[in-house]
1. Take the residues of segment 155-175 that are among the charged types (D, E, K, R) and assigned to a loop (DSSP other than H, G, I, E, B): which is surrounded by the most Cβ atoms within 10 Å (Cβ to Cβ)?
2. Quick one: is residue 243 within 19 Å of the chain's Cα centre (by Cα) and part of a helix (DSSP H, G or I)?
3. Only one of (1) exposed (fewer than 12 other Cβ atoms within 10 Å of the Cβ); (2) within 20 Å of residue 135 (Cα to Cα) is not met by residue 36, so which one is it?
4. I need the full set of residues from segment 58-84 which are assigned to a helix (DSSP H, G or I) and more than 15 Å from residue 132 (Cβ to Cβ), in order please.
5. Among the candidates 203, 161, 169, single out the residue that is more than 25 Å from residue 51 (Cα to Cα) and in contact with a Leu (Cβ under 7 Å, 6 or more places away or on another chain).
6. Only one of 222, 209, 242, 191 is more than 30 Å from residue 154 (Cα to Cα), modelled with pLDDT under 90 and surrounded by fewer than 21 Cβ atoms within 10 Å (Cβ to Cβ); which?
7. Report the residue count in segment 87-107 for those that are within 22 Å of residue 57 (Cα to Cα) and not in a loop (DSSP other than H, G, I, E, B).
Amino acid sequence: MAHQALYRVYRPAAFSDVLGQEQVTKPLEEAAKSKKIGHAYLFAGSRGLGKTSVARIFAEAIGCKENDLYEIDAASNNSVEDIRALTEGVYTLPFRSPYKVYILDEAHMLSKSAWNAFLKTLEEPPAHAVFILATTELEKVPDTVQSRCQVFEFKKPTRAVLAKMTSVVAKKEGYALASDAAELIAILGDGSYRDALSVLQKVFAGAEGKALSREAVEAATGAPRREHVHALIAALARGERGKALAAIEQAAKADVDMRIFLELVLEALRATLLIRYAPELRASLADELGADEFSALEKFATSTPLSAGKEDPSTKLGAGGITHAAMLAFLTAAERIRYAPIPALPLELAVLELFADEKQK
């Protein structure tokens, strides 16, 4: 028997289960309690944020039973005929509930003629009908529709929220997930609860024991290895241009996602700069990073570039090693990497920019 996907097992069943979306859940919960129910809601946000889950929770909170709840996938039911069939059924009374609730997922996929057919019903629905439209592309929903709905925008969870969620789920499943492993899963989850849980399930499938390290996550997911990230940071800290470029090449040869590699590099650069310039944050950073990672980055924070006889360190790196210029250079790389024909190229340009002779400019 196949195991159920984690994101289905741990799908929130009550408003209190929903993480990081208080700006949505609190008003909806209050509306349900006070019985001030609107006729149309529009939930907007990127994938895997819980839009349809919250729609189901709200439907239950206002007393909608299962046989009066209708979920429609607008991606495959987007024609004018589909919407006409829906609107014809709206006017029949609910079976056992005060409301009939229609959840229209991926609503932006409706055709123009379907929107036109739907608009009349949305303007003057029967008192027992509640529409909840969910979309990942709010800008594609016509303004005439948005103006007739209560619009709620779902926010991407912070990395800390995703890391905490994966740790809690891992514990419930009988695993001990290291803090830096949870951080990496949060990065790979890319701001999606569902995707983070899918990554965690992949890690479970490849795990040899119940203790899950960052290395176990790297092995199961093919994520960039920490050694590749450290090799680049070390080269920057010591002012070694050639080794910095070589580190990027090694990461590219390992066939990793260079965007994720760049994100991990930015994380390491940020932590290195904070360790160096904000000693009051050292304790919290040590907890956040873990002892091994903190120790490694602490060494990079205090490194001094090699002499000009061995390498020609740029003044942008400074006499004390990595400075904010490195962070700025790689942030620029992050802006470019999405459109780069060669994924490693923006990182290589960042290194060359850091080591450029400013006198030539």
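1. 156
2. No; evaluated as a whole, the condition is false for this residue.
3. Tallying (1) exposed (fewer than 12 other Cβ atoms within 10 Å of the Cβ); (2) within 20 Å of residue 135 (Cα to Cα), residue 36 fails exactly one: (2).
4. Correct list: 66, 67, 80, 81, 82, 83, 84.
5. 203 is the lone residue from the list that is more than 25 Å from residue 51 (Cα to Cα) and in contact with a Leu (Cβ under 7 Å, 6 or more places away or on another chain).
6. Every option except 209 fails the conditions.
7. 8
Quick grid of which residues meet (1) buried (at least 19 other Cβ atoms within 10 Å of the Cβ); (2) in contact with a helix residue (DSSP H, G or I) (Cβ under 9 Å, 6 or more places away or on another chain):
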site	(1), (2)
11	no, yes
22	no, no
45	yes, yes
49	yes, yes
55	yes, no
73	no, yes
78	yes, yes
83	yes, yes
88	no, no
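The values are calculated or read from the model by the stated rules, or taken from the named source; none is laboratory data. The shown structure was predicted, so the numbers you read here are calculated from the model rather than taken from an experiment. Positions of Cβ are backbone-derived with ideal geometry, glycine not excepted, and every protein chain shown enters the neighbour counts.
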